Amino acid sequence: MKITLSKELKQKPDSSKLGFGKYFTDHMLVMDYENNAWKEPEIVPYAPFQIAPAMNILHYGQGIFEGAKAYKNSEGKITVFRIDDNFKRMNKSAQRMCMPTFDAEVVKNALFELIKIEKDWIPTQPGTALYIRPTLIASEEVLGVHASKKYKFFIILSPVGSYYAHGLTPTKILVEEHFVRASIGGTGEAKCMGNYAASLLGGELANSKGYDQALWLDGNEHKYVEEVGSMNMFFVIGDEVVTPALVGSILDGITRRSCIEVLKKYGYKVSERRISMDEVVEAYEKGQLKESFGSGTAAVVSPVGLITYRGKDMIINDGKMGEITSFLYDRITGIQSERYEDEFGWVTEIK
Ligand code: COI
C-alpha cells in the first residue's frame, strides 16, 4: 500500500475538551473506483479533495458512511470494536444505493495501518475514543440520473468524547408526528447520507424547543416508534426491554445489536417488536415505563429522561439514568475499554 506521510503534524486537542467530530487526524485513507474495479487503498495526508461541481454526489446524493471506534488502553494496546460488522453493513448499504461493494478485508487491513500511524491521536480518558468514519461517494462528473461509474471511498479519523454536550445527562426527546425519516421500501435501513438530511428539519425543530432529538415514527401510520436518527431506541416496560424490530426503515445498529446480546446473556427479557406510541403512553400512565435509552456508536448507550408526545411530557425514571441503562453503559464501555473480558469476541487488537 502506498503511504504518503504528512510533512507537518497538527497539534493534538486537549482530550478533556473533545466533543464529537471536531478534530481530524493528520492522515486519511482513500481508495478510488473506476472502470468497474477498485484501485489499491492509499494513505495520504488529511486534506481537502478536488471536487468537480458536476460530481454525482453533489447532485443526487449517492453516498453512504459508517461509524466505528478505536481505543487505546494505558499500556498502549490498540483495539477496535466490531469493525467487521461495520464493513458488512457498509457493503449492504452500498448494494441498496447501487454502489460497488468492496473487499472488507483489504479495507480493514488498510484501516489498521492508518490507525497505527495515528496511534498518538487515540485519546485514553474514560468516555473518549478515536472515531472512524468510512465514507463512500459517487464521483462521476455527469448530470444524467443514473448510478455513478466512479466512486471515492475514504476513511477519516477523529478523536472524540461524548456525542452529547451534556454527556450522560438524560436526553430530552420530542416525538415527531408530521415529518418522517424513512418508510418501508425506502432507504431507512441503509446508512446513506440522505437519511440524515431527511432528519435535519425535525431535529432542528426539536432543538429549537429545547429537546436534544426528534423521535421518528413509522412512515405509514405515524404510530410506531422507529429511531432517533443518531440512535436506536429502547424502552423498559415492566420486566421487558423492548426495541423496535428491524422492519426495513430502521438502521440495524451495531450498538443496538450489542445491547440485545448483552441483555440476553445476562438474563433480561428482550423483545424486538413493533411498539406504538400509544403503548409507550399507556405503560407510562400505568407506571410501567421504567426506563428508556438510545444506542449508537457515537452516542454509546444514552439515557432518555423525557419524551414529549402530543404535548404530553413523560418524565422517565425521575429524569435519571436507570438501572438497566447504567448496566448496559458499563458493560459495553467496559468491553470496549477492556475493563471486562470480551466474552462476545467483539474486540480486535491492532498489532
Ligand atoms: C454513529 O453513531 O456513528 C453515527 O453514525 C450516528 C451519527 C453520529 C451520524
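Test E189 against the stated conditions and say whether it is over 20 Å from I64 (Cα atoms) and of a type in the set (D, E, K, R).
Here the answer is no, as E189 does not meet what is asked.
Go through region 187-205 and count every residue that is open to solvent by 10 Å² or more (accessible area, probe 1.4 Å), more than 13 Å from the ligand (Cβ to nearest atom) and not charged (D, E, K, R).
Pass one, region 187-205, residues open to solvent by 10 Å² or more (accessible area, probe 1.4 Å): 187, 189, 191, 193-194, 196-201, 203-205.
Restricting the remaining residues to those that are more than 13 Å from the ligand (Cβ to nearest atom) gives 187, 189, 201, 204-205.
If we keep only those that are not charged (D, E, K, R) as well, we get 187, 201, 205.
Residues in region 187-205 being open to solvent by 10 Å² or more (accessible area, probe 1.4 Å), more than 13 Å from the ligand (Cβ to nearest atom) and not charged (D, E, K, R): 3 in total.
Looking at E226, E221 in this structure, which one is within 16 Å of the ligand (Cβ to nearest atom) and more than 16 Å from S302 (Cβ to Cβ)?
The match here is E226.
Scanning for something at pLDDT 95 or above and within 15 Å of V175 (Cβ to Cβ), does region 240-250 turn up at least one residue?
So far as region 240-250 goes, yes, one or more of its residues are at pLDDT 95 or above and within 15 Å of V175 (Cβ to Cβ).
For region 187-214, name all the residues that are free of Cβ contacts under 8 Å to residues at least 24 places away in the same chain and among the hydrophobic types (A, V, I, L, M, F, W, C).
The answer is A198, L200, L201.
Yes/no matrix, rows are residues, columns are (1) away from the ligand (no atom under 16 Å from the Cβ); (2) open to solvent by 40 Å² or more (accessible area, probe 1.4 Å); (3) at pLDDT below 95:
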site: E42; (1), (2), (3): yes, yes, no
site: A54; (1), (2), (3): yes, no, no
site: Y60; (1), (2), (3): yes, yes, no
site: F65; (1), (2), (3): no, no, no
site: A68; (1), (2), (3): no, no, no
site: M97; (1), (2), (3): no, no, no
site: P100; (1), (2), (3): yes, no, no
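All but one of (1) under 18 Å from the mean Cα position of the chain (by Cα); (2) open to solvent by less than 20 Å² (accessible area, probe 1.4 Å); (3) in contact (Cβ under 8 Å) with a residue 60 or more places away in the chain hold for G127; state the number of the condition that does not hold.
Exception for G127: condition (2).
Go through region 20-40 and give me each residue that's touching a strand residue (DSSP E or B) at 6+ places or on another chain (Cβ under 6 Å), charged (D, E, K, R) and buried (at least 16 other Cβ atoms within 10 Å of the Cβ).
D32
Just to verify a result, which residue in region 77-94, among those that are in a helix (DSSP H, G or I) and open to solvent by 30 Å² or more (accessible area, probe 1.4 Å), is farthest from E338 (Cα to Cα)?
K92
Does region 145-165 hold any residues that are in contact (Cβ under 8 Å) with a residue 24 or more places away in the chain and away from the ligand (no atom under 14 Å from the Cβ), and which are they?
Of everything in region 145-165, those that are in contact (Cβ under 8 Å) with a residue 24 or more places away in the chain and away from the ligand (no atom under 14 Å from the Cβ) turn out to be V145, A147, S148, K149, K150, Y151, K152, F153, F154, P159.
With K320, K312 as the choices, which residue is farther than 26 Å from F81 by Cα, touching a helix residue (DSSP H, G or I) at 6+ places or on another chain (Cβ under 8 Å) and open to solvent by 40 Å² or more (accessible area, probe 1.4 Å)?
Result of the check over K320, K312: K312.
The values are calculated or read from the model by the stated rules, or taken from the named source; none is laboratory data. This is a predicted model, so every value here is computed, not measured. We place every Cβ from the backbone using ideal geometry, glycine too, and count neighbours over all the protein chains shown. The accessibility values were calculated without ligands, DNA or RNA, using every heavy atom of the protein model including side chains. Shrake-Rupley method; radii C 1.70, N 1.55, O 1.52, S 1.80 Å.
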